[in-house]
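Worksheet: the structure to be examined is printed underneath.
The values are calculated or read from the model by the stated rules, or taken from the named source; none is laboratory data. Bear in mind the structure is a predicted one, so any value in this text is a computation, not a measurement. Here the Cβ positions follow ideal geometry from the backbone for every residue, glycine too, while neighbour counts run over all protein chains shown. Ligands, DNA and RNA are stripped out before the accessible areas are found, and what is left, the full protein with its side chains, is counted by its heavy atoms. Shrake-Rupley method; radii C 1.70, N 1.55, O 1.52, S 1.80 Å.
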Amino acid sequence: MSSELASVENVVGGETQTPNIGFTFYCRVAKKLFGSTEPVRRVLQRSFEQIMPGQKIETGHTDTIHDVSMDYYGKRIASASSDATIRIAGVTTGSNSHPLAILTGHNGPVWQVAWAHPKFGSILASCSYDGSVIVWREGNLNEWTQAHTFTDHKSSVNSIAWAPHELGLCLACGSSDGSITVQTVRSDGGWDTSRIDQAHPTGVTSVTWAPSMAPGALIGSGVFDPVQKLASGGYDNLVKVWKLTDGSWKMDCFPALQMHSDLVRDVAWAPNLGLPKSTIASCSQDGTVVVWTVGKEGEQWKGIVLNDFKAPVWRVSWSLTGNLLAVAAGDNNVTLWKEAVDGEWQQVTTVE
């Protein structure tokens, strides 16, 4: 271990505590001691290697896997495949996994799966090239039935996302037909549908919900007024933000967010814990990831390029606290990134 790395560990209280103390504090210490935040990056990388060991899961799919999603408790993983099935496996902290269920009902490749919050029961949603969205409900353990099937879209449904649980059981769906539908369950068990027509006229690739707590809510009046906002990405190379106002969805960013030169593969709205800004990550076929931020309502979104991966970037995903971004790229690597005190994004580690 280098002397400078040892010095950082002495100052901040040891490597094993790294993930639990403010990243900003670490960076400031390193900057003061060495004029660089590189020692912090190396400490974090070693920590992540220790606490995030790789685990291979045999799904049993017979064709390409397009999506995997972990349930709320981290005990089960659902996968979606071109073999038109969804498969659920149990996972443990060790190296073992075991199949639990196979869900069949789509007539084409399944692009995404998404678990609902457990307050609504054991519910899983899936979307497919066949234009349908299925909501699955678990009755007895590992016995799943189709609770509802949505056929509102005229072509492939490429992305689905459950709203924050404070907004109720509510599912956003983005389709190649250019529209976004939002399905909301009623008290009688039926579903209401609202629609954003021509959200991206050439097709919607991805949807993501804003946190239900508005930026700055923790330092505001203390009155909780849930936010209902979406972000979407499309084949038109754009990212757009939408807000529910007086019962209809309206665009909430002018102009649309444009820094990509090819189709947007994914968008992910970061949890903000009530902090005074909103953050969205977008990734593209052009190989870049852009991080968009805005402060107060009505201000302009500003984007910075996190990195050019020189290969298509397929997915971006935030940690639960919104301070760590995972990026899955076409170079077969998943990398983890954090923002330093100077606003620059630094790679923490590569997940093998």
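Count charges around A281 for me, please; just the other residues with Cβ under 14 Å from its Cβ, Lys/Arg as +1, Asp/Glu as -1.
+3
Is the shape of the stretch 212-352 rounded, prolate or oblate, going by the alpha carbon gyration tensor and its root eigenvalues a ≥ b ≥ c, with a/c under 1.5 for rounded and a/b larger than b/c for prolate?
Cα axes put the stretch 212-352 in the oblate bin.
If amide H atoms are built 1.01 Å from N in the plane of the peptide, which residues on other chains or at least 5 residues away come under 5 Å of the amide H of Q228?
Here the answer is L244, since their amide H atoms fall under 5 Å of that of Q228.
I need the phi-derived Karplus couplings for the stretch 99-109: 6.51 cos²θ - 1.76 cosθ + 1.60, θ = phi - 60°, integer Hz, Gly and Pro marked x.
x, 10, 7, 10, 9, 10, x, 8, 10, x, x
Going down the list K154/K302; K119/K338; K56/K277; K119/K302; K243/K277; K119/K277, which pairs span over 26 Å between their C-alpha atoms?
Check vs 26 Å cut-off fails for K154/K302; K119/K338; K56/K277; K119/K302; K119/K277.
Can you run phi through the Karplus equation (6.51, -1.76, 1.60; θ = phi - 60°) for the stretch 328-342 and list ³J(HN,Hα) in whole Hz, with x for Gly and Pro?
Per-residue couplings from phi come out as 10, 10, x, 8, 6, 10, 10, 10, 10, 10, 10, 8, 7, 5, 8 Hz.
How much accessible area does S122 have with a 1.4 Å probe, in Å² rounded to the nearest 10?
Accessible area of S122: about 30 Å².
Across the stretch 144-159, in residue order, what do the Karplus-derived ³J(HN,Hα) couplings come to in whole Hz, using 6.51 cos²θ - 1.76 cosθ + 1.60 with θ = phi - 60° and x for Gly and Pro?
After applying 6.51 cos²θ - 1.76 cosθ + 1.60, I find 10, 10, 7, 7, 7, 10, 9, 10, 6, 9, 8, 8, 3, 9, 9, 8 Hz.
On the protein heavy atoms, probe 1.4 angstrom, tell me the percent of accessible surface of the stretch 134-229 carried by carbon and sulfur.
Here it works out to 49 percent.
Please list the non-local residues whose amide H lies under 5 Å from the amide H of R315, H modeled 1.01 Å from N, same-chain partners needing a gap of 5 or more.
A328
Determine, for each peptide in 177-190, 228-241, the mean count of other beta carbons within 10 angstrom over its residues, then list the peptides with the highest first.
Peptide ranking by packing, descending: 228-241, 177-190.
Of the listed peptides 74-86, 291-303, what is their order by residue-averaged count of other C-beta atoms within 10 Å, with the highest listed first?
Answer by packing, highest mean first, reads 74-86, 291-303.
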